[in-house]
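The values are calculated or read from the model by the stated rules, or taken from the named source; none is laboratory data. Since this is a predicted model, take the numbers as computed values, not measurements. All Cβ positions, glycine included, derive from the backbone under ideal geometry; neighbour counts span all protein chains shown. Note: accessible area is taken over every heavy atom of the protein model, side chains too, but ligands, DNA and RNA are not part of it. Shrake-Rupley method; radii C 1.70, N 1.55, O 1.52, S 1.80 Å.
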Amino acid sequence: MVTTSGPPAAAHPVDAVVVGAGLSGLYQLHRLRRLGLSAVVLEAGDDIGGTWYWNRYPGARCDIESMSYSYSFSPELDQEWEWSERYASQPEILRYIHHVADRFGLREDVVLRTRVTRAVYDEGGHLWQLSTDTGRTVTARFVILATGCMSVPKDPGIPGADSFTGAIHHTARWPREDVSFAGKRVAVIGTGCSGVQAVPVIADEAASLTVFQRTPAYVLPAHNRPLGSAESARFKARYPEFRRAQRLSRAGTVFEPPTRSALEADETERTAAYEAAWDAGFLNGLLRTYTDVLTDEKANETVAEFVRSKIRSIVTDPATAELLSPRTYPFATKRPCLGTGYYSTYNRPHVTLVDLRTTPIESITPRGIRTSDGEHVLDVIVFATGFDALTGSQLAIDIVGKDGVTLRDRWAEGPRSHLGLVSSGFPNLFTVLGPLSPSVLTNIAVSLEQQVEWITDCIAHLRRNGVTEIDATPEAEADWGVHVAEVAARTLYPAVDSWYTGANVPGKPRVFLAYAGGLDRYREECDAVARNGYTGFVLSSRV
């Protein structure tokens, strides 16, 4: 295979097609090759990297520690790669992905600049035929969607954008060339994780920065720093033990689980625990302190108020501090953010915060942004408005399964699948990090390896036994959906409007989209299904 899209070609049969050349897709390719299968990766971008190719906005970096957010399948890779920072930046993560692709010779089976537009299942042949925007078609027994949890940017839906005479950028589709903000009047719309990372960096350069906020975020300090060679060597010495612990952990991160309720501790003890977590600089540090932070509103409020007290201590203007303080949703029920200097940025004289709850945006004008309070004259607008999460990348493809049923119709009321892996009526079509799996509630690097390995082992089982089709049963699919909803209902997550529930996209079904039972429990469920002969699935052979 070549790494560019090539002219239109006739259907080319392979054993498996992987859609997406990010961390998941590349590892899936590696595992399929080890089975001796012919496989091709189709990637819409100009290069490999997935999330870390597209999201190159100022300040973009991982919010899981570098030495945890990396592949674990190769002990040699663990030892040879050197991370330079505690939390790696986008360029460094992309260099790592390129290193892995080169080290394992993966590029030759990746076709770039090729977006899959349609996939149709041939019931008689137990094959999928994929069409692309280049005219290339590919026929395969198995299709694995490694299209990403957060890869379809949400349309900001603000009228007048086409009329703006300045520059407009979206954090999820950032230009490959450098973008200069020097001497410019800049706006950032959105204060989710991308906005939180971008705002301090843009403020360093811009003549003025106006941040348009609808809902304030809980932002925890990263305490990022360089990784010294001695610290890295100590970590590498215990990598084998650490990797085993990651795989068995609840969220793909290793920590001592809490044993007490926040309400059992007095205020002095709680504050000390929260201070220690704040100073440690972990995304889920505050969630690790007590058992009921995500299940009890009163316990959660003790954490939420602690974060608000930190905001008040950092932001000098009380009115701005209050605007930045979340009060309408419990802590961590929208994804918290890990940041560097975010709150202190609002102490700078050239940075302004606009509260869209009181002065909403009416339109984008040729000169800038008009709110109900007047016009903000600008040179650059940055959209940090998030994604159509978890289901967006799959539904962007016209997928047609058995009896001509489309996945869009099948999921009209929300995603349906068994284990978050296979949707009934769409045989041999697997998803990595899709809806109804732990995905976004975990360290993605650990979750993707678990799912890729399960999918690969499943395909190996089918081939050993002469099976050409695996499909989820409607009953198993329904049972898994009920289980996912029941587990989520034990937490504070479902009651909140967030991208976890699809509430950020108009018209999207309101369903909690991830499995909240933990990666450890999910792994056990998946392993039990495989161990018992793939219960909940129908296996059949072509006659």
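Give R56, R95, R33 a once-over and let me know the one that is assigned to a helix (DSSP H, G or I), open to solvent by 30 Å² or more (accessible area, probe 1.4 Å) and touching a Phe, Trp or Tyr at 6+ places or on another chain (Cβ under 9 Å).
On the way: R56 fails: assigned to a helix (DSSP H, G or I); R95 fails: touching a Phe, Trp or Tyr at 6+ places or on another chain (Cβ under 9 Å).
Only one candidate passes the filter, namely R33.
Pick from T431, T406, T442: which is without any contact (Cβ under 8 Å) to a residue 12 or more places away in the chain and closer than 21 Å to G20 by Cα?
Numbers: T431 fails: without any contact (Cβ under 8 Å) to a residue 12 or more places away in the chain; T442 fails: without any contact (Cβ under 8 Å) to a residue 12 or more places away in the chain.
Going through T431, T406, T442 in turn, just one is without any contact (Cβ under 8 Å) to a residue 12 or more places away in the chain and closer than 21 Å to G20 by Cα: T406.
Pairs are defined by a Cβ separation below 8 Å, a sequence spacing of at least 6 or placement on different chains, a first member in region 75-94 that is more than 18 Å from A237 (Cβ to Cβ), and a second member that is part of a helix (DSSP H, G or I) and at pLDDT 95 or above; the pairs so defined are S84/E92; E85/E92; A88/Y96; Q90/W52; I93/W52; L94/W52; L94/Y53.
Scanning region 223-257 for residues that are of a type in the set (G, A, S) and within 23 Å of W499 (Cα to Cα) yields a total of 2.
Rundown of residues vs (1) open to solvent by 80 Å² or more (accessible area, probe 1.4 Å); (2) among the hydroxyl-bearing types (S, T, Y), yes/no style:
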position: K184; (1), (2): no, no
position: V188; (1), (2): no, no
position: N224; (1), (2): no, no
position: Q246; (1), (2): no, no
position: L263; (1), (2): yes, no
position: E267; (1), (2): yes, no
position: T271; (1), (2): no, yes
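Only one of the numbered conditions (1) within 30 Å of E469 (Cβ to Cβ); (2) in contact with a Gly (Cβ under 6 Å, 6 or more places away or on another chain); (3) surrounded by fewer than 24 Cβ atoms within 10 Å (Cβ to Cβ) is violated by G192, and that is (1). Annotation: G252 fulfils all but one of (1) within 26 Å of the chain's Cα centre (by Cα); (2) open to solvent by 40 Å² or more (accessible area, probe 1.4 Å); the unmet one is (2).
Quick one: is G339 open to solvent by less than 50 Å² (accessible area, probe 1.4 Å), touching a residue at least 40 places away in the same chain (Cβ under 8 Å), in contact with a Lys or Arg (Cβ under 6 Å, 6 or more places away or on another chain) and under 30 Å from V307 (Cβ atoms)? If you could, list the steps in order and put the result at the bottom.
On the way: open to solvent by less than 50 Å² (accessible area, probe 1.4 Å): yes; touching a residue at least 40 places away in the same chain (Cβ under 8 Å): yes; in contact with a Lys or Arg (Cβ under 6 Å, 6 or more places away or on another chain): no; under 30 Å from V307 (Cβ atoms): yes.
Judged against the criteria, G339 is not a match.
Looking only at residues that are touching a Ser or Thr at 6+ places or on another chain (Cβ under 7 Å) and aromatic (F, W, Y) in region 267-305, which one is nearest to V199 (Cα to Cα)?
Of region 267-305, the ones touching a Ser or Thr at 6+ places or on another chain (Cβ under 7 Å) are 270, 273-274, 277, 284, 290-292, 294-295, 299.
Now restrict to residues that are aromatic (F, W, Y): 274, 290.
Working: Y274: 26, Y290: 31 Å.
The extreme case among them is Y274.
Scanning region 311-331 for residues that are in contact with a Pro (Cβ under 9 Å, 6 or more places away or on another chain), open to solvent by 40 Å² or more (accessible area, probe 1.4 Å) and not polar (S, T, N, Q) returns R312, L323, R327. Scanning region 127-157 for residues that are under 21 Å from D388 (Cβ atoms) and in a loop (DSSP other than H, G, I, E, B) gives D133, A146, T147, G148, C149, M150, S151, V152, K154, D155, P156, G157.
Considering only residues in region 127-174 that are loosely packed, with under 15 Cβ neighbours inside 10 Å and out of contact with any strand residue (DSSP E or B) (no Cβ under 7 Å at 6 or more places or on another chain), the one that is modelled with the lowest pLDDT turns out to be D155. Looking only at region 400-422, residues that are open to solvent by less than 20 Å² (accessible area, probe 1.4 Å) and either more than 23 Å from P438 (Cα to Cα) or touching a Lys or Arg at 6+ places or on another chain (Cβ under 6 Å) (or both) come to 2 in all.
L287 - would you say it is touching a residue at least 12 places away in the same chain (Cβ under 8 Å) and either touching a Cys at 6+ places or on another chain (Cβ under 7 Å) or closer than 26 Å to E449 by Cα (or both)? It is true that L287 is touching a residue at least 12 places away in the same chain (Cβ under 8 Å) and either touching a Cys at 6+ places or on another chain (Cβ under 7 Å) or closer than 26 Å to E449 by Cα (or both).
Looking only at residues in region 75-89 that are open to solvent by less than 10 Å² (accessible area, probe 1.4 Å) and in contact with a helix residue (DSSP H, G or I) (Cβ under 8 Å, 6 or more places away or on another chain), the one that is nearest to N443 (Cα to Cα) is A88.
Hey, S232 hits all of (1) open to solvent by less than 20 Å² (accessible area, probe 1.4 Å); (2) not in a helix (DSSP H, G or I) but one; which does it fall short on? Failed condition: (2).
Close contacts from region 290-310, counting a first residue that is closer than 13 Å to L492 by Cα and in a loop (DSSP other than H, G, I, E, B) and a second that is of a type in the set (V, I, T) and open to solvent by less than 10 Å² (accessible area, probe 1.4 Å), with Cβ to Cβ under 7 Å and a gap of 6+ residues or different chains, come to V293/V303. For region 344-373, filtering for residues that are touching a strand residue (DSSP E or B) at 6+ places or on another chain (Cβ under 7 Å) and either modelled with pLDDT under 95 or among the charged types (D, E, K, R) (or both) leaves 4.
Which members of region 451-467 meet the condition of being open to solvent by less than 10 Å² (accessible area, probe 1.4 Å) and closer than 30 Å to D63 by Cα? Within region 451-467, Q451, V452, I455, T456 qualify. Picking from residues in region 281-313 that are touching a helix residue (DSSP H, G or I) at 6+ places or on another chain (Cβ under 8 Å) and of a type in the set (G, A, S), the one that is farthest from T442 (Cα to Cα) is A299.
Being part of a loop (DSSP other than H, G, I, E, B) and either of a type in the set (A, V, I, L, M) or touching a strand residue (DSSP E or B) at 6+ places or on another chain (Cβ under 9 Å) (or both) is the filter here; which residues of region 481-499 pass it? Break it down stepwise before answering.
In the first step, residues of region 481-499 are kept if they are part of a loop (DSSP other than H, G, I, E, B); the result is 490-499.
L492, A495, V496, W499, listed by residue number.
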